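Please read the structure below before turning to the comments.
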Amino acid sequence: APDIPVIDQAYSKLSNSITVEWRAVPGATSYLLTAQDGESFVEAVVTNSPGTLMGLKPATLYRITVRSISSGGKSQPSPFRKAKTVLAAPVLSVISPSCDSIAVSWKAVYMAAGFSVSLMRSDGLGRMLKENTTNTSLTFTNLDPGTLYTIKAYAWNVNGIPGDDFTYNQRTSPKAPADVQVAFNSGALRAIISWMPTEGALTYSVTASSGLLKLKCNTSSASCMVSSLQCGSEYYVSVTAYNDAGSSKPTDAVSLKTVPCAPVNISIEEDEPGHLLVSWSSVNFGHYYVVFVKSDDGLEVHCNTSHTQCQFQSDCGFTYFITVFAYNKAGQSPLGDVFNYTTAPCCPSDFRAVLVSGDTVRVTWGAVRGAEMYQTRAAAGSAAVLCNDTATACTLSALRCDTWYHVTVYSFSEARGSNTSCASKYIATAPCSPEIKNISKENLSAISVHWQSNNEEATYIVTARGEAGLWHCTSSGNSCTLINLPCGSAFSVSAIARSPAGQSLPSYSVPLETAPCCPNDLILTQVTESVTNISWSIGMGAQTYVTTLESPKGQAKCHTLQNHCLLGCITCGTNYTVSLKAISETGLTSTCTYQGYSSSACCPSGVKLYRLRNNGIRVYWQASEEAINYNTNLHGSKGNFTCTPRSGLSHCDITEIPCGDIYTVVVSPATDKGQKLTFCPKKIYSVTCSGSSVGMVIYRGKSNAE
């Protein structure tokens, strides 16, 4: 076995080890170190000196021995040497309670009589601070904020031998950030908080508090965005810096007032046509309000106010889109509800009402903005006539005649209903049709027409219409007279009422027939002494005629369909009154009077011829009356002879009568017009010759003409 080594020294620099130094033993390949504490021991094999025993207990006295080892075995233990491990290092607990201090604390160390603690900036700047104490805690102040410090501490025993040291790097907590700035984004309801970076801060925490609500954001940079802010709120914003030592004090709170919330309880009223009143409830932090009103034609207006209502001019038939924003220094409130308000449709202002018949009005107008349907209303008192249509025209029928109506055209829309402010127009219907009550004849050519007047103000026009033409009369009362109506004509009589409003429908027609016309020409011709022929021209409208010759001696009458008639039983030499009645088919009669008629004087009787001297003949007769003139006519083959005696004479002499001839002799009364009467008796006489003169006159008889 190798030789026993000799320990030169044994010492402890660490609390868990003892270092042993010895003289080398020739031939030894290794050494066995042993540290014994009572019954426990610790061994270690090393190859040369020095060697260290590890795993020892601090502040403990050990017996140290060394044995050499070779291929031949182990030597005996060397003489022991006592050595004591140094004190254990205090285990530090380090905090930075503030940005300029570090507090160091530790637990008591076995066998320690005191402690030494030193502190120095880890970057070597500045001076080192060192404190000796018998306590188990120590605080360094007036340090630099956010700075990394290296702290070393060890304990020493009663002999002043230091034990293990304990090194700890500790950073002071950061200083509160400075110059905190808040940039608020009103549109996104978020804010960017920025500050000046502070020394030693690793992270930052931003807190925005509003009541119980806290919003945070963490960052390692010098700014942070706080989102999800609520409108109409005031937040108190503070920034805290953090590092591994802890946090700074929060910065002084910075007030952040967000934009106001969108106004609510918005109401829109059309307090009067053409004016929109927009009102709303006030909101927190709303300094003023802006109302935007945009019409559906693209035109937009706005109103700024510090009150809670705004008034706008509006036009009919538009849809307005209305938004209300609240403003403060932070900006504009979020977009709230967009309200739309449709004003009442426009009123048709240019409508025309035209009376197309007595009880019908045609109303037309131009289309107006916003109207989806129209209602035309004609009202008179409590009665009304309605017409609903989507077209721009309407016909109101069954109106009362002679009535003033308020005609109004209302426009309708589904969104707003009816525009009740539309103006009315007055229109009067045509007068009521009159009703003919009676037609009376004033004379042959004048007819009085009576009707029932049922209009307040109207002029009545009566028309008689027939083949003969048209006749009119006009009156504002209830009757008028048609004059100069032609006789023998048939008419249809109707009446209308006329006023500035128009003309009524015609009344029901009443037939009218005028009396037949009296014949213009009437001729009486005496056919015989007792028979007279009467002829006349046609009387318009007459179907039959009754002619009458009347005298004190009697009457002659005939009733005929013809326009001539023979009347017998006429007394000669008598004055007659002549009348004629023209009778129509319906029995209307016109009594016509004419110039009186005188029948011719009676034919003379006892006509005789007497021969006179000098070839003359006297015609003698018996006169029917004394003061009558007679005409004597002799007709023979040798000549015709005539003589007319003076009035009152009953004979007539004709000279130079050729003899030897047969003569027809007629003595007849003379007429005023010189007509020859042919109905008196004719007598035939033969005149013989005696020498060269008239001989005998011989009566030969009567002519057949008699």
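The values are calculated or read from the model by the stated rules, or taken from the named source; none is laboratory data. As the structure is a prediction and not an experimental result, all values here were calculated from the model. When we count neighbours, we look across all protein chains shown, and the Cβ atoms used for this are built from the backbone with ideal geometry, even at glycine. Keep in mind that these areas ignore ligands, DNA and RNA; they rest on the heavy atoms of the full protein, side chains included. Shrake-Rupley method; radii C 1.70, N 1.55, O 1.52, S 1.80 Å.
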Pop a pseudo-label 7 angstrom from the Cα along the beta-carbon direction at both PHE339 and LYS130 and give the gap in nm to one decimal.
8.2
In sequence order, calculated HN-Hα J values of the stretch 490-502 (Karplus, 6.51, -1.76, 1.60; Hz; x Gly/Pro):
10, 10, 10, 9, 9, 9, 10, 10, 10, 9, x, 6, x
Around ALA89 (Cβ within 9 Å, Cβ-to-Cβ, excluding ALA89; K/R +1, D/E -1) the net charge comes to -2
Student exercise, the chain dipole from Lys, Arg, Asp, Glu Cβ charges, in Debye to nearest 20:
860
Over the chain - Rg/Rh using Cα atoms and the Kirkwood inverse-distance radius:
1.82
Gained length - ASN484 relative to ASN142, 0.36 nm times residue gap less alpha-carbon distance
108.9 nm
Work the Kirkwood hydrodynamic radius out for the stretch 605-699: mean of 1/r over every pair of different alpha-carbon atoms, inverted, in Å.
13.4
Net charge over other residues, Cβ less than 9 angstrom from the Cβ of PHE318 (K, R count +1; D, E count -1)
-2
Take every DSSP beta bridge with both residues inside the stretch 200-354 and express the antiparallel ones as a percent of the total, to the nearest 5.
100
Probe of 1.4 angstrom, ligands and nucleic acids ignored: what's the accessible area per residue over the chain, in square angstrom?
52
Checking the cross-link filter: which lysines have an alpha carbon closer than 19 Å to that of LYS683, excluding same-chain neighbours under 8 positions apart?
LYS608, LYS638, LYS702
Taking N as its residue count, the alpha carbon Rg of the stretch 512-564 over 2.2 N^0.38 Å:
1.27
Under 20 Å from LYS249, Cα to Cα: aspartates and glutamates that are on another chain or at least 8 residues apart
ASP100, ASP144, ASP179, GLU199
Once both label points are put 7 Å beyond Cα along the C-beta direction, the ALA108-THR525 separation in nm becomes 19.1
For the stretch 178-257, state the semi-axes of the equivalent ellipsoid (square roots of 5 times the eigenvalues of the alpha-carbon gyration tensor), sorted largest first and rounded to whole angstrom.
22, 12, 10
Dividing the convex hull volume of the alpha carbon atoms of the stretch 264-343 by its residue count, what do you get in Å³ per residue?
81
Within the stretch 590-638, list the trypsin sites (Lys or Arg not before Pro) lying in a DSSP loop whose Cβ has at most 14 other Cβ atoms in a 10 Å radius.
ARG613, LYS638
To the nearest Å, what is the center-to-center distance of the stretch 342-406 and the stretch 657-690, using C-alpha atoms only?
99
Which loop trypsin sites (Lys or Arg not before Pro) in the stretch 38-127, with loop taken from DSSP, have no more than 16 other Cβ atoms within 10 angstrom of their Cβ?
LYS107, ARG127
Determine the alpha carbon to alpha carbon distance for each of LYS130/LYS152; LYS84/LYS152; LYS437/LYS581 and list only those over 19 Å.
LYS84/LYS152; LYS437/LYS581
Of ASN533, HIS275, SER118, farthest towards positive along the dipole that unit charges on Lys, Arg, Asp, Glu beta carbons give the chain
ASN533
THR395 paired with LYS214, simple spin-label distance in nm, labels 7 Å along Cα-to-beta-carbon
8.4
For a quick size check, give me the Cα extents of the stretch 351-428 along its three principal axes, largest first, whole Å.
38, 23, 17
Among SER75, GLN562, THR60, the residue whose Cα sits farthest towards the positive end of the charge dipole of the chain (+1 at Cβ of Lys and Arg, -1 at Cβ of Asp and Glu, taken about the Cα centre) is GLN562
Nearest-20 debye value, the stretch 74-199 charge dipole, Cβ charges on Lys, Arg, Asp, Glu
700
Give a quick list of GluC sites (Glu not before Pro) in the stretch 2-105 that DSSP marks as loop, anything other than H, G, I, E or B, with at most 11 other Cβ atoms within 10 Å.
GLU39
Using alpha-carbon positions, what is the distance between the centroids of the stretch 160-190 and the stretch 508-556, in Å?
150
Relative contact order of the stretch 92-171: what whole-number percent is it, with Cα pairs under 8 angstrom and at least 6 residues apart?
34
Result for the chain, cysteines with no Cys Cβ partner under 4.7 Å, is CYS99, CYS569
Taking the full set of protein chains and a 1.4 angstrom probe, give the accessible area of THR47 in square angstrom, rounded to the nearest 10.
100
Between Rg and the Kirkwood Rh of the stretch 6-84, both from Cα atoms, what is the Rg to Rh ratio?
0.95
How long is the stretch 92-171 along each principal axis, judged by its Cα atoms, biggest number first, in Å?
37, 23, 16
Could you calculate, for the stretch 535-642, the ratio of the Cα radius of gyration to the Kirkwood radius, expressed as Rg to Rh?
1.20
Check cross-link reach from LYS257 to the aspartates and glutamates: straight Cα distance under 14 Å, and skip same-chain residues fewer than eight apart.
GLU234
Mean separation of Cα contacts under 8 Å (6+ apart) over length of the chain, as relative contact order %:
5
